[in-house]
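Undergrad: So that we are looking at the same thing, I have put the structure below in structure tokens.
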Amino acid sequence: MNVVTRKNLWLLAFYMFILGFVVIMFGVISHVAVSSFAKSWFATPLPHKFTTDWYVYSYKTFQLPHIMYVTLVVAAGVVFFGLLISFPAAYVFARRDFPGKNYLMILYLLPILVPQMTYGIPLATTFFKYKIGGSIISVILANLVPMIPFGIFILTPFFEQIDRSMESSARMLGASRLKIFQKILLPLCLPGILVAGLLILVETIANFELSFLVCGTESQTLVINLYYAIFASGMRPVYAVDAMAVIYMVLVMSLLLIILRFVPPTQMVFRLDKR
Amino acid sequence: MLRSLYFKLNFQYLDRTAFFFLLPSLLYLILFFIYPFIYGLVLSLTPEQGKPIYDNFHIFLADDWQRSTIWKTTRLAIPITLLVVVVSIPLAYTMRRGIKFERIVTTFLILPISLGTVLIAEGVLGFLGGNGWFNQFLIKIGLMKEPLRLTYNYIGVVIGLFMKNFPFCFLMLLGYVSGINPEIENSARILGARPMQVFWRIMLPLMAPGITIAFCLVFVMDFAVFPTAILLGQPANETRTIAIAAYQMAFEHYDMPKASAIAIIMAMTQMIGLVIILALRRRLYRGTSLGITKG
Amino acid sequence: MERPTIGSIEIQITKRFGRKTVLDNFTLEVKGREFVTLLGPSGCGKTTALNCVAGLVPLSEGKILIDGDRLDTTPPEKRGIGMVFQNYALFPHMTVFKNISFGLELQKRPGDEIKSRVEEVLSLVRLQGFEDRFPGQLSGGQQQRVAIARALAPRPKLLLLDEPLSNLDAKLRLDMRAEIKNLHRELGLTSIYVTHDQTEALSLSDRIVVINEGVIQQVGAPKEIYESPSNLFVADFMGCENFFTLRVKAIESDGKTALLEQDGFQLKLSNIPQPKIGDDITLTIRPDDIQIVHSAIKDPSNTASGTVSVVQYLGKENDIEVFLDNKRKIRVKSPERVEREDRITLYFNPEKIILVPKG
């Protein structure tokens, strides 16, 4: 078998696998979607009757407006404070070299690498001890723990791209540090801020473990509610649960559409070459 | 005089600006990451009245049913990680120089990562459930007479985790292997190596660091598996992971000291797992380079 | 508005990075309107010295004075110094106009004054009409000229240039060199220039400061540095090759002419100060100053014979490597046609031989 044929076979196998995976993924997602519109559905390829009642049902029983409000507030809070805190830190990482920088980087990597269950439980315990557990604030605070380092690691390369001599030349022309920030740095790293903000947004909305551990009944995000709904699916019709799932899916996918405008998909995964 | 001092101070290694810029994030991590960790550690070493200091750990490890969570978790984490990494390597390798539809493929693969574990769980429950499309299809074409039990068991968790881990691992490895200078491969080919030889002798060793990192990350993620194990598995028994044990102790029994002990045991077993993986990698790597000199 | 001309700049810099001392009591005085070049190989400390004068890097020890006033205690943005960077450092998100007006806006100048000043400097660098372009739309040479215009616009009292021509291709470099020389002549602005290219230094400067490993090797006018290098490093850096160390074997009756010899190589020189028998003298001669001789010479001293080993055609001359009979290799540049394996005789004109002082 010559080289070209073998290479083509590999490509074929590759595409088939990817295709299979994508097909299953589609199946998984659309099953949820179809089910949410089904009046009732059991062991047939498609439900016999369709309805949108379940959306109304889940709107009422799951208190969707409140959940959306919580999700929005948490997301906005994490994005805003996450960017605010990680922005200056990223600047320092990009611009300065100091003894112990590597150790500091490892510290900042920990909340991303250590699984959220592991540090989430002590974190939740601390929050409940100091009586802030169960509130929206605690959900925001908990999500910020991994998102601040996350933001730093996304923003740092953007700063590194801005040549140091640009700041030096602005200084020689008479600009104070504040003016340099205002007129040079900020405009030049706006794309980076956008990328970081969007990625933090997606990660926060999809976050389960941390939000789950620290939330209370009034501060559950969409995902948490979905979880409880599935968990207690004996008590709720699966179609209603799927309706809520669809709402969540639509939210995430519309965000993805926006993000993919600005960020290539490979950059959304934790970059190995950064280490 | 004072101005010159001020100016000098401004430029020491970690000058004032840098210090204030780092402070918020550093403080935040110390307050909300390191402190809870230490607090948890102290709690775990706080036994009930009159018991020895390591009692919380002892209780967990002595209880068969609790201790078995370690094994159950490992039994989930290792095979899934192996499966995901072993499948990802050839796929990422094939795509290393870019393929047609690259953008579309990577976009589709981002979807399960962004949607998250909970949604995937719900979808899998429906799609691969007893009455879902997958089983309907198998029965319809006559491959099976009865639906396959793919959910609420070990297999369910494997599938659920695979759906999320595979794209993650694949994209990570793809990024890594794309970064390897293509000229290395070209020079090997010109020197007479066949594609398979190039892969085993040149590219795979070069990918080894990336593969190790991917393996460790996926392993760590899977070891801490929680919602998938509950929703898609059998949390009462077969897929009762150590995360579940920790959670139950904290939020069902409200026994924080014991829960912290379990969380610490979880962290330590993860660490041991990582050490073993890294040690194995060292052995494996030496073996590969031996192969090169022998050949 | 008149720009004040400075009288003199006193520079005294000691700079350490951690344990490493990059500049050790680097002392220099620059007179007003002078064009001084800091010349040296990479890593010799010339850019560090420039950055210290700019204030981008603080001094470990020392001081910088302009007309007697302390400069090193002021932050860089208040020093009134213009600087041109190696990679131009233009602000990519601003137009040419905005780039140039940046410094003027920070000086809070009124709008029409800014506009007329920008036009003024743009015509100085011959880029009128480019106001609304963005740096990304300009060629390398154009970007460099905008960078110069930007530095000049706020009427600085001192201009610093950090290897501004290194990123340009050869032809452009020559053109820009002429422009910089022209600008200096027109404006008379005190300038300190940093480069590793000795041709640039020779053509542009009033004075050259040759630096190696943080220590000043020689300071002087271009002619002085080129014709009378004060030590081996300067001679080597300025393009001298063919270094010899010969020993004084005899001194003639006039007390000045010395006969030097080593390995069968004989030279008769009259310009050695106080020659003594037994002295080891290091000297060099430039490849272009060595003559190829054909007829017999009366005085065999100052000649040597050998075989041609490599000939490179350079256009207006040939780069010839000769393997001398005394086993030394010599490089000669000559328009004469020779071939490999030819036997030739070379004459070393004693007036062209450069003495290299020790130390």
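Undergrad: Would you call B:Ile184 within 30 Å of A:Ala43 (Cβ to Cβ), surrounded by fewer than 18 Cβ atoms within 10 Å (Cβ to Cβ) and out of contact with any Cys (no Cβ under 7 Å at 6 or more places or on another chain)?
TA: no
Undergrad: Considering only the range C:251-258, I want to know if a residue exists there that is under 34 Å from the mean Cα position of the chain (by Cα) and either loosely packed, with under 14 Cβ neighbours inside 10 Å or in a strand (DSSP E or B) (or both).
TA: Scanning the range C:251-258, I find at least one residue that is under 34 Å from the mean Cα position of the chain (by Cα) and either loosely packed, with under 14 Cβ neighbours inside 10 Å or in a strand (DSSP E or B) (or both), so the answer is yes.
Undergrad: While we're here: Filter the range A:159-176 down to residues that are facing chain C (nearest Cβ under 9 Å) and among the acidic types (Asp, Glu) and give me whichever is farthest from B:Phe21 (Cα to Cα).
TA: A:Asp163
Undergrad: Residues that are touching a Ser or Thr at 6+ places or on another chain (Cβ under 9 Å) and in a strand (DSSP E or B): does the range C:294-303 have at least one?
TA: yes
Undergrad: Of all residues in the range A:33-60, which are out of contact with any helix residue (DSSP H, G or I) (no Cβ under 7 Å at 6 or more places or on another chain), in a helix (DSSP H, G or I) and either among the β-branched types (Val, Ile, Thr) or within 11 Å of another protein chain (Cβ to nearest Cβ) (or both)?
TA: Within the range A:33-60, A:Val34, A:Val56 meet the criteria.
Undergrad: Right, another one. Does at least one position in the range C:54-74 carry a residue that is in a strand (DSSP E or B), more than 14 Å from chain A (Cβ to nearest Cβ), buried (at least 22 other Cβ atoms within 10 Å of the Cβ) and in contact (Cβ under 8 Å) with a residue 60 or more places away in the chain?
TA: Yes, some residue in the range C:54-74 is in a strand (DSSP E or B), more than 14 Å from chain A (Cβ to nearest Cβ), buried (at least 22 other Cβ atoms within 10 Å of the Cβ) and in contact (Cβ under 8 Å) with a residue 60 or more places away in the chain.
Yes or no, residue by residue, for (1) within 14 Å of A:Phe262 (Cβ to Cβ); (2) at the interface with chain C (Cβ under 10 Å from one of its Cβ atoms); (3) free of Cβ contacts under 8 Å to residues at least 60 places away in the same chain:
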| position | (1), (2), (3) |
| --- | --- |
| A:Pro157 | no, no, no |
| A:Leu178 | no, no, yes |
| A:Leu190 | yes, yes, yes |
| A:Ile193 | yes, no, no |
| A:Gly197 | yes, no, no |
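Undergrad: Taking C:Leu50 and the conditions (1) outside any helix (DSSP H, G or I); (2) within 14 Å of chain A (Cβ to nearest Cβ); (3) under 25 Å from the mean Cα position of the chain (by Cα), which numbered condition does it fall short on, given that it satisfies the others?
TA: Looking at each condition in turn, C:Leu50 falls short on (1).
Undergrad: While we're here: Can you tell me which residues in the range A:1-45 are at pLDDT 80 or above and touching a strand residue (DSSP E or B) at 6+ places or on another chain (Cβ under 8 Å)?
TA: Matches in the range A:1-45: A:Phe37, A:Ala38.
Undergrad: Can I ask one more? Scan B:Ala224, B:Ala229 and give me the residue that is small (Gly, Ala, Ser), in contact with a Leu (Cβ under 9 Å, 6 or more places away or on another chain) and either closer than 13 Å to B:Tyr93 by Cβ or surrounded by 21 or more Cβ atoms within 10 Å (Cβ to Cβ) (or both).
TA: Answer to the selection: B:Ala229.
Undergrad: Could you please let me know if A:Ile121 is at pLDDT 90 or above, among the β-branched types (Val, Ile, Thr) and under 30 Å from A:Leu251 (Cβ atoms)?
TA: Judged against the criteria, A:Ile121 is not a match.
Undergrad: Shifting gears a bit: Anything in the range A:63-74 that is more than 14 Å from every other protein chain (Cβ to nearest Cβ) and crowded, with 22+ Cβ neighbours inside 10 Å? List them, or say none.
TA: Matches in the range A:63-74: A:Val70, A:Val74.
Undergrad: Quick one: in the range A:256-266, of everything that is more than 8 Å from chain B (Cβ to nearest Cβ) and among the aliphatic types (A, V, I, L, M), which residue is nearest to B:Leu119 (Cα to Cα)?
TA: If we take residues in the range A:256-266 being more than 8 Å from chain B (Cβ to nearest Cβ) and among the aliphatic types (A, V, I, L, M), then A:Leu257 is nearest to B:Leu119 (Cα to Cα).
Undergrad: Find all pairs meeting these conditions: Cβ atoms under 6 angstrom apart; at least six residues apart or on different chains; first residue within the range B:81-110 and at negative phi; second residue surrounded by fewer than 14 Cβ atoms within 10 Å (Cβ to Cβ).
TA: No pair meets every condition.
Undergrad: Between a first residue in the range B:256-267 that is more than 9 Å from chain A (Cβ to nearest Cβ) and a second residue that is hydroxyl-bearing (Ser, Thr, Tyr), which pairs have beta carbons less than 9 Å apart while being 6 or more apart in sequence or on different chains?
TA: Close Cβ pairs (under 9 Å, with a partner that is hydroxyl-bearing (Ser, Thr, Tyr)) amount to B:Pro257/B:Ser44; B:Pro257/B:Thr46; B:Lys258/B:Ser44; B:Ala261/B:Ser44; B:Ala261/B:Tyr54; B:Ile265/B:Ser44.
Undergrad: Another question about this same structure. Residue check: is A:Ser30 touching a residue at least 60 places away in the same chain (Cβ under 8 Å) and either part of a helix (DSSP H, G or I) or more than 9 Å from chain B (Cβ to nearest Cβ) (or both)?
TA: Answer is no for this residue.
Undergrad: Here's a follow-up. If I ask for residues that are assigned to a loop (DSSP other than H, G, I, E, B), within 11 Å of chain B (Cβ to nearest Cβ) and polar (S, T, N, Q), which ones from the range A:206-227 would you list?
TA: Within the range A:206-227, A:Asn207, A:Thr221 qualify.
Undergrad: Of everything in the range A:89-109, what is among the aliphatic types (A, V, I, L, M) and more than 7 Å from chain B (Cβ to nearest Cβ)? Give them in sequence order.
TA: Within the range A:89-109, A:Ala90, A:Ala94, A:Leu104, A:Met105, A:Ile106, A:Leu109 qualify.
Undergrad: Something else about it: Every residue in the range C:296-344 that is without any contact (Cβ under 8 Å) to a residue 12 or more places away in the chain and over 23 Å from C:Glu261 (Cα atoms), please.
TA: Of everything in the range C:296-344, those that are without any contact (Cβ under 8 Å) to a residue 12 or more places away in the chain and over 23 Å from C:Glu261 (Cα atoms) turn out to be C:Gln312, C:Tyr313, C:Gly315.
Undergrad: Continuing with the same structure: Among the residues of the range C:226-236, are any under 21 Å from C:Val30 (Cα atoms), surrounded by 22 or more Cβ atoms within 10 Å (Cβ to Cβ) and of a type in the set (A, V, I, L, M, F, W, C)?
TA: Within the range C:226-236, one or more residues are under 21 Å from C:Val30 (Cα atoms), surrounded by 22 or more Cβ atoms within 10 Å (Cβ to Cβ) and of a type in the set (A, V, I, L, M, F, W, C).
Undergrad: Something else about it: Within the range B:77-113, take every residue that is modelled with pLDDT under 90 and β-branched (Val, Ile, Thr) and give me the one that is farthest from the chain's Cα centre (by Cα).
TA: Within the range B:77-113, the match that is farthest from the chain's Cα centre (by Cα) is B:Ile99.
Undergrad: Also: So which residues in the range B:251-261 are assigned to a helix (DSSP H, G or I) and farther than 10 Å from B:Gly40 by Cβ, if there are any at all?
TA: Once the filter is applied, which keeps residues that are assigned to a helix (DSSP H, G or I) and farther than 10 Å from B:Gly40 by Cβ, the range B:251-261 yields B:Phe251, B:Lys258.
Undergrad: Further question: Which residue pairs have Cβ atoms under 6 Å apart, sit 6 or more places apart or on different chains, and have a first residue in the range C:19-42 that is over 14 Å from C:Ile208 (Cβ atoms) and a second that is in a strand (DSSP E or B) and basic (Lys, Arg)?
TA: Listed pairs, sorted by first residue: C:Val22/C:Lys15; C:Leu23/C:Lys15.
Undergrad: Considering (1) within 10 Å of chain A (Cβ to nearest Cβ); (2) at pLDDT below 90; (3) under 20 Å from the mean Cα position of the chain (by Cα), say which one C:Gly18 fails and leave the rest.
TA: Among (1) within 10 Å of chain A (Cβ to nearest Cβ); (2) at pLDDT below 90; (3) under 20 Å from the mean Cα position of the chain (by Cα), the lone unmet condition for C:Gly18 is (3).
The values are calculated or read from the model by the stated rules, or taken from the named source; none is laboratory data. Here the structure is a predicted model, which is why all the values come from computation and not from measurement. All Cβ positions, even for glycine, are placed from backbone atoms using ideal geometry, and neighbour counts span all protein chains on display.
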